[in-house]
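The structure appears below as structure tokens.
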Amino acid sequence: MRPIASCVPHHGPNALPVPEGAEKIALAGRQLQIVRLIARGLTNKEIAVSLGISTATVKTHLRFAFAAAGVHTRAALVHRCA
């Protein structure tokens with residue numbers, strides 16, 4: 001399995017301050033890519049085409065991302081990872 005990345009970048013040039021006590025939501029790299037594409041408004045099919053994977057694989061990654069974030073909708077997932 002690939003290394004885990006948090007929804008909120010916490011190091012590097014794009015680092016954002018994470019308030020003390022804030023929950024960090026750990027997502028695998030591909031899950032984080034998909035969340036970012038959802039935030040840009042892409043559909044599952046558009047995400048699949050852009051990443052070269054099937055729509056079923058996109059849905060699987062989304063299911064695991066929803067579980068990690070404790071949400072049930074795409075909008076809630078993006079909000080939790082903002």
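Each reported figure results from applying straightforward, stated rules to the coordinates on display, with no laboratory input. The shown structure was predicted, so the numbers you read here are calculated from the model rather than taken from an experiment. Every residue, glycine as well, gets a Cβ built from its backbone with ideal geometry; the counts of neighbours run over all protein chains shown.
Per-structure values
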quantity	calculated
Yes/no for Ala48 being out of contact with any His (no Cβ under 7 Å at 6 or more places or on another chain) and crowded, with 18+ Cβ neighbours inside 10 Å	yes
Residue count, region 53-73 (criterion: surrounded by fewer than 17 Cβ atoms within 10 Å (Cβ to Cβ) and more than 10 Å from Ile25 (Cβ to Cβ))	12
